[in-house]
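Each value in this text was obtained by applying a stated rule to the coordinates, not by laboratory testing. Here the structure is a predicted model, which is why all the values come from computation and not from measurement. Neighbour counts are summed over all protein chains in view; Cβ atoms, including those assigned to glycine, are modelled from backbone coordinates with ideal geometry.
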Amino acid sequence: MPYLELEPFGLTDAGKVRKNNEDAMLVGDGRDETLFAVADGIGGFEAGEVASRIAVDALKELEPGGSFESAIREANRRILAAARGDERLNGMGTTVVAVRFAESGGDPVAEVAHVGDSRAYVLRGGRLRPITEDHSLVAELVRSGDLTRAQAAEHPQKNLITRALGAEDEVNIDTEVIPIEAGDRILLCSDGLTDMVPETRVAEILLESAGDPETPARRLVSAALDAGGSDNVTVVVVDVKRHEPPPPPPREDRSGGTREMRAVPRPEGWGESRPSRREARRPKGSRRPSGSGKRRRGGWITRIVRGLALVLVVVVALTPAYLWAGSRYFLDLESGEVVVYRGLPYAPMGIELNEEWRRTELEISEVKEPYRERIRDNRLYTQEEIVAILRDLRK
Ligand code: MN
């Protein structure tokens, strides 16, 4: 049994474009000190901040060994309840990705749960491996073979997620359990990082900054800001280390509009040979005698059938402002005529996600120049916007 300890560092920044930071994070300051999370809130008028905060607060209450999935379902219930009780919070939601460290069959493992497009990665042996698969439309289209990963990264609707907390009464949570060892580095991040910084660069930064988790966390956030910082960006880096004597107390260090958290107490008992303690940290429902690494099924794991998620397209996220499901109108050509559709400009796996809404009786040549490009790229609009555009469309 290896003696392991965790050294985490989390950093979040509003970015260069947005006024508010709707991301939230948990860096070992919950009841379970081995628990870390990133949540990316959605919803106007600061509602996204409320949703991501509720998610993190619910996870903070999770006891070591308690049900990961129940805590996330509880977060979902609280977000829905808060939204129902306050008109301004209507339609708010959040992604969440969380990791906690435990033992399974005597081996140290990381349990990862996620909903939405915030991600978890593990760096091991010089390679960065994704642990999570985005619950997003483009990720589904990549899985169905309709898009390549490169096309997905550049896609105008890449921020459209198919699952979120706060969207429905029932939430489908993906979970993974991976074995861990000393030297592993876990990264949790919001899409403000992965949309701005290519995965290869993320891997380089994590590789170049061995030793402590703070340096790579800072460099990753800087890289996202340098690339434009068009979204809130949050990274939590957790280094898994061989147990050593406790480090000196952390120094205080605060900078700019950046919140940070550092150096939580080592998860006592974890990695030490106290059986009762170890038992308490074993994930509930974990009955597999040994070996980890494979996706566990059943118990607290719910896997939705691939493709079903597409029917549950509930969140439309657009830059610069996230918009809820209202932004579902787009222009396209039908036999040469410009037509307004309600829905989303896809029919993945034969599932139509749109319907004809208004015909314009205009050909593209009769449309004002600036709108032609938007017809070609099926830009999404709210109903209010599309009504205004219809009035202005004719040359
Ligand atoms: Mn985001």
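Once the chain from Glu363 to Asp377 is taken as fully extended at 0.36 nm per residue, the excess over their C-alpha distance is 3.4 nm. Phi angles across segment 79-89 convert, under the Karplus curve 6.51 cos²θ - 1.76 cosθ + 1.60 with θ = phi - 60°, into 3J(HN,Hα) values of 5, 4, 5, 5, 5, 6, x, 8, 3, 5, 9 Hz, Gly and Pro given as x. The mean sequence distance of close C-alpha pairs (under 8 Å, at least 6 residues apart), as a share of the length of segment 136-222, puts its relative contact order at 19 percent. For Arg342 and Asp29, a Förster radius of 51 Å and the Cβ-Cβ distance give a FRET efficiency of 0.70, rounded to the nearest 0.05.
Are any of the pairs Lys60/Lys241; Lys19/Lys60; Lys19/Lys395 more than 31 Å apart by Cα-Cα distance, and if so, which?
Numbers: Lys60/Lys241 23 Å; Lys19/Lys60 26 Å; Lys19/Lys395 36 Å.
Going by Cα-Cα distance, Lys19/Lys395 fall outside the 31 Å limit.
Label point 7 Å out from His155 along Cα-to-Cβ: which residues of segment 92-125 have amide N under 17 Å? Residues 116-119 qualify, since their backbone N sits under 17 Å from the label point.
Relative to the Cα centre, the charge distribution of segment 25-176, modelled as +1 at Lys and Arg Cβ and -1 at Asp and Glu Cβ, gives a dipole magnitude of about 340 debye. Taking a ≥ b ≥ c as the square roots of the eigenvalues of the Cα gyration tensor of segment 350-395, is the shape rounded (a/c under 1.5), prolate (a/b larger than b/c) or oblate? The shape class here is prolate. Amide H to amide H, with H built 1.01 Å from N, Trp357 comes under 5 Å of Val340, Tyr341, Arg342, counting only residues 5 or more places away or on other chains.
Compute the distance in nm between two label points, each set 7 Å from the Cα along the Cα-to-Cβ direction, one at Ala81 and one at Tyr3. Spacing of the two 7 Å Cα→Cβ label points: 4.4 nm. When a/c reaches 1.5 or more, the comparison of a/b and b/c decides; with that in mind, is segment 112-163 rounded, prolate or oblate per its Cα gyration tensor? Oblate is the answer for segment 112-163, as a/c is 1.5 or above yet b/c matches or exceeds a/b. With a cut-off of 16 Å on the backbone N, the residues of segment 373-389 near the modelled label site 7 Å out from Lys395 along Cα-Cβ are 373-376. Fully extending the segment from Ser70 to Glu133 would add 20.6 nm, taking 0.36 nm per residue of separation and subtracting the current Cα-Cα distance. About the centre of its Cα atoms, segment 1-112 shows a dipole size close to 560 debye [charges on the beta carbon of Lys, Arg (+1) and Asp, Glu (-1) only; nearest 20 debye].
Highest average first, the peptides 94-105, 218-229 ordered by how many other beta carbon atoms sit within 10 Å of their residues are 94-105, 218-229.
Rounded to the nearest 20 debye, the dipole magnitude of segment 1-51 is 240 debye, with +1 charges on Lys and Arg beta carbons, -1 on Asp and Glu beta carbons, and the Cα centre as origin. For segment 53-197, what class follows from the C-alpha gyration tensor (a ≥ b ≥ c being the square roots of its eigenvalues): rounded when a/c is under 1.5, otherwise prolate if a/b is larger than b/c, else oblate? Oblate is the answer for segment 53-197, as a/c is 1.5 or above yet b/c matches or exceeds a/b. Neighbour counting of Cβ atoms within 10 Å sorts the residues Thr200, Thr382, Thr175, fewest neighbours leading, into Thr200, Thr382, Thr175.
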